[in-house]
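This report refers to the structure that appears directly beneath it.
The values are calculated or read from the model by the stated rules, or taken from the named source; none is laboratory data. Bear in mind that the values here come from a model prediction, so they are computed numbers and not experimental data. Neighbour counts are summed over all protein chains in view; Cβ atoms, including those assigned to glycine, are modelled from backbone coordinates with ideal geometry. Heads up: the accessible areas ignore ligands, DNA and RNA and are worked out on the full protein's heavy atoms, side chains in. Shrake-Rupley method; radii C 1.70, N 1.55, O 1.52, S 1.80 Å.
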Amino acid sequence: MHMTSEEIYRMRKQFFNDSAATWLDTFYKNPESGQHDLHQKALDRFFSLIPLKPGDSVLDVGCGSGVLVPFVLKRITETGILYELDFAERMIEANKSLHKDGNIRFVVADAAEAPLEDASCDSIICFASFPHFHDKEKSMLALSRILKRDGTFVVAHLDSSEGIKKHHESCHAVMHDHLPGKSEMYDLFQRAALSISLFIDEPGFYCIVGNK
């Protein structure tokens with residue numbers, strides 16, 4: 001059965017809302033430590049590739065229930081601001097319940113409609129979220145507007161683009177959600193006035209970094 005774009009969007013949003021309460025436990029909980037540090041080594045690698053520093057303003061797009069929060073706050077300290085943005089309101093509710101730091105701003109919005117000021121963020125991170133952006137070009141343009149000059153824009157995953165595609169195909173709600181190929185991603189970054197400084201697509205790790 002062919003689904004309309006709007007039906008796909010609604011199904012995707014419902015899936016993330018329904019998964020919010022258990023998301024971190026499902027994908028990030030380490031059975032040995034009982035903590036959400038299952039992918040600690042890969043996330044440490046990811047954060048070694050982006051220049052976060054004390055006082056930075058960071059936008060975490062498609063943040064879900066906040067797996068990146070402790071990693072970002074550790075680097076920007078209490079002097080920085082972290083915007084946690086997701087289109088699924090229950091993901092934001094779960095995130096709020098877990099993270100009480102005073103320098104976090106929670107935002108329920110689609111990436112393409114992110115309601116932040118122009119040139120207000122030093123870094124924008126799309127971690128494990130970019131395939132789910134309904135309109136990728138519109139989202140990139142909207143997010144680029146928010147990024148400061150010389151700011152950093154990152155798309156990252158803990159799997160290769162091919163691995164992500166296979167993973168999503170196993171779930172009806174997100175079976176349409178794939179990472180664009182390398183040339184298409186480069187085009188999207190270029191149209192958003194971002195120059196690419198790093199591209200990695202390998203088993204267990206995907207990262208593309210652009211600068212404004």
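Worth a mention:
- Condition met for LEU147 (open to solvent by less than 10 Å² (accessible area, probe 1.4 Å) and over 20 Å from LYS182 (Cβ atoms)): yes
Here is a yes/no grid of residues against (1) open to solvent by 10 Å² or more (accessible area, probe 1.4 Å); (2) out of contact with any Ser or Thr (no Cβ under 8 Å at 6 or more places or on another chain):
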residue	(1), (2)
VAL67	yes, yes
LEU73	yes, yes
THR77	yes, yes
GLY80	no, no
GLU84	no, yes
GLU93	yes, yes
SER97	yes, yes
ARG105	yes, yes
